[in-house]
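Colleague: Provided herewith is a single structure, encoded as structure tokens, for subsequent inquiry.
Only the coordinates and a few stated rules stand behind these numbers; no lab work does. Source: prediction; values computed, not measured. All Cβ positions, glycine included, derive from the backbone under ideal geometry; neighbour counts span all protein chains shown.
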Amino acid sequence: MVSYNVFFTPNAGIREERVIAVAHAFLQKLQTEKQICSYRILRVTNPASFLALPQFQAIVDFDTQDALDASFAIMRRPQMKETGPHGELMELVTNFKVSFTTDV
């Protein structure tokens with residue numbers, strides 16, 4: 001399993017519930033379209049020693065690196081990246097950080 005880890009915080013004045021709803025809608029669409037295997041959205045409840053950690057994390061799972069690469073190729077298209085659910089989500093969040101992980 002290969003995972004795309006996205007950390008983010010809602011923009012000032014944006015309700016958390018709206019960000020969460022848009023994120024779920026976007027990721028559920030990708031899952032329905034079989035572009036991702038599964039996902040979870042987590043709220044950071046205690047950043048412990050990492051005080052700069054954004055408020056939320058989404059973990060997006062792919063069966064293989066090739067599946068992740070194929071999904072990202074689709075998402076890099078300007079019409080996908082800047083419009084629709086992804087574009088809306090990007091306008092709602094700040095402090096956007098990403099990492100990639102693999103099961104060991």
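Colleague: Loop-only chymotrypsin sites (Phe, Trp or Tyr not before Pro) in region 18-104, please: DSSP not H, G, I, E or B, and at most 16 other Cβ atoms within 10 Å.
Modeller: Phe50
Colleague: A further question follows. What is the magnitude of the charge dipole of the chain about its Cα centre, with +1 placed on the Cβ of each Lys and Arg, -1 on the Cβ of each Asp and Glu, and no other charges, expressed in debye to the nearest 20?
Modeller: Charge dipole, the chain, about its Cα centre: 220 debye, nearest 20.
Colleague: For Cys37, enumerate residues with amide H under 5 Å from its amide H, sequence gap 5+ or separate chain, H modeled in the peptide plane.
Modeller: Excluding prolines and chain starts, which carry no amide H, the hits are Asp61, Phe62, Asp63.
Colleague: Next question, about the same structure. Near the amide H of Thr94, under 5 Å away, which other amide H atoms are found, from residues 5 or more places off or on another chain, if H is placed in the peptide plane?
Modeller: Sorted by chain and number, the residues that satisfy this are Thr9, Asn11.
Colleague: Oh, and also: Below 8 Å, C-alpha to C-alpha, sequence gap of six or more: please give me the relative contact order for the chain in percent.
Modeller: Relative contact order comes out at 50 percent.
Colleague: How big is the equivalent ellipsoid of the chain along its three axes, where each semi-axis is √(5λ) from the Cα gyration tensor, reported in whole Å from largest to smallest?
Modeller: Values for the chain, descending: 22, 18, 11 Å.
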